[in-house]
Amino acid sequence: MPRYLLHHRHEPADCGPAFASWKGFESPLRHGAALGSCLLGGHAIWWTVEASTPDQALALLPCFVARRTTVTAVSEVAIP
């Protein structure tokens with residue numbers, strides 16, 4: 001299954017709506033951990049997900065978050 005990096009960015013004033021948008025949204029990502037920079041002033045969140053297509057990867061996110069998210073196909077690489 002393809003792997004994608006989801007990179008969500010929002011403005012500082014949108015932290016509340018970004019987190020509130022998960023309420024009632026069914027997703028395997030809900031109640032999980034993600035890397036984020038909001039508490040450090042960066043206002044970005046990253047997830048690595050498996051999905052058949054980029055659109056299916058975005059569908060794991062609530063609409064408010066998905067509209068502000070880029071999707072990049074990724075794979076593991078060996079670093080020499």
> Do we find a residue being part of a helix (DSSP H, G or I), buried (at least 16 other Cβ atoms within 10 Å of the Cβ) and either among the basic types (Lys, Arg) or out of contact with any Pro (no Cβ under 8 Å at 6 or more places or on another chain) (or both) anywhere in segment 62-75?
Replying inline: yes
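For segment 10-37, name all the residues that are part of a helix (DSSP H, G or I), under 25 Å from Ala73 (Cα atoms) and free of Cβ contacts under 8 Å to residues at least 24 places away in the same chain. Explain how you work it out, then say what you get.
So in segment 10-37, the residues part of a helix (DSSP H, G or I) come out as 12-20.
Retained after the next criterion (residues that are under 25 Å from Ala73 (Cα atoms)): 18-19.
Of everything in segment 10-37, just one residue is part of a helix (DSSP H, G or I), under 25 Å from Ala73 (Cα atoms) and free of Cβ contacts under 8 Å to residues at least 24 places away in the same chain, namely Phe19.
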>> Looking only at residues that are open to solvent by 40 Å² or more (accessible area, probe 1.4 Å) and among the aliphatic types (A, V, I, L, M) in segment 32-57, which one is farthest from Ser21 (Cα to Cα)?
In response: Leu40
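The values are calculated or read from the model by the stated rules, or taken from the named source; none is laboratory data. Everything numeric in this text was worked out from a predicted model, so none of it was measured. Quick reminder, even Gly has a Cβ in these numbers, built from the backbone with ideal geometry, and neighbours come from all protein chains shown. The protein model used for the area step is the full one, side chains on, heavy atoms only, and it has no ligands, DNA or RNA in it. Shrake-Rupley method; radii C 1.70, N 1.55, O 1.52, S 1.80 Å.
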